Amino acid sequence: MHIFEKLGGLSIIVGALLLSVYAVLFPILLPLGTGTFDYADVVRSPGWVPLAATAFAGVLALLVGFYAVYAKMRATVGWQGAVGFLFVEAAYVLQACKVTWELFLYPVIARYPETAFLLRDAIIKNDPAVLAFRISASATILIGIVLFCLSLYRSAVYPKPSAVLIFVGAVVYALGPAISVFVSIAGIFTFAVGCMLLGVRLLR
């Protein structure tokens, strides 16, 4: 169990670091500008695929790390912690699915003039099925994070600031797309700091 906790702590720290790198480099490497931008142009930029790959690896690492976090406090958090953990894991599976679109599909779509309008004019983003997926993913992560962070806060196993940072970061990230991409990035960074605190606790 001790080795498992160490691996889980390392995994969640690596995941948090990768998401932090993603959050810092996203506005630097991509041509976002200060106003509206052509999403197809952003996807065609050289930094898009490396950043998407970084986010994908980070999400997968967090999936492993959160399991270790839950395993350490499982005996004391009851049904609320279990439900929160299941929702968090489901949310990050859905997030991994979303990132696979950005990593593998969007570059192909943006590459050709005949299909680039699907990104430029937000045809994919506003499609009812895609919209339903995005809303479901956001709702899943909000429910999971609320329950899971309450369990973290009450567990006495992890530092309380980690629960607060993870909660605030997840909420800001979930609401960010409706406000600004920079708000989402701030949410990712805040969330990552909270995850790092969990990882450090597991490594001790």
May I ask you to verify whether Phe37 is at pLDDT 85 or above and either open to solvent by 50 Å² or more (accessible area, probe 1.4 Å) or within 20 Å of Ile141 (Cβ to Cβ) (or both)? no
Over the range 150-170, the set of residues part of a helix (DSSP H, G or I) and open to solvent by 40 Å² or more (accessible area, probe 1.4 Å) is Leu150, Tyr153, Arg154, Lys160, Pro161, Val164, Leu165, Phe167, Val168
What are the pairs, 6+ residues apart or on separate chains, where a residue within the range 80-101 that is under 13 Å from Ser136 (Cα atoms) and open to solvent by 20 Å² or more (accessible area, probe 1.4 Å) has its Cβ under 9 Å from a residue that is aromatic (Phe, Trp, Tyr) and at pLDDT 90 or above? Leu94/Phe133; Cys97/Phe133; Lys98/Phe133
Given the structure, is Phe56 within 21 Å of Ile185 (Cβ to Cβ) and either among the β-branched types (Val, Ile, Thr) or touching an Asp or Glu at 6+ places or on another chain (Cβ under 9 Å) (or both)? yes
Does Leu147 satisfy being assigned to a helix (DSSP H, G or I) and surrounded by 19 or more Cβ atoms within 10 Å (Cβ to Cβ)? yes
Within the range 17-40, how many residues are out of contact with any Phe, Trp or Tyr (no Cβ under 8 Å at 6 or more places or on another chain), touching a residue at least 40 places away in the same chain (Cβ under 8 Å) and part of a helix (DSSP H, G or I)? 5
Can you spot a residue in the range 174-181 that is small (Gly, Ala, Ser), open to solvent by 30 Å² or more (accessible area, probe 1.4 Å) and either under 19 Å from Ser20 (Cα atoms) or touching a His at 6+ places or on another chain (Cβ under 7 Å) (or both)? yes
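The values are calculated or read from the model by the stated rules, or taken from the named source; none is laboratory data. All values derive from a computational prediction rather than experimental measurement. Reconstructed Cβ throughout: ideal geometry from the backbone, glycine too, with neighbour counts over all protein chains shown. Just the protein is used for accessible areas: all its heavy atoms, side chains included, with ligands, DNA and RNA removed. Shrake-Rupley method; radii C 1.70, N 1.55, O 1.52, S 1.80 Å.
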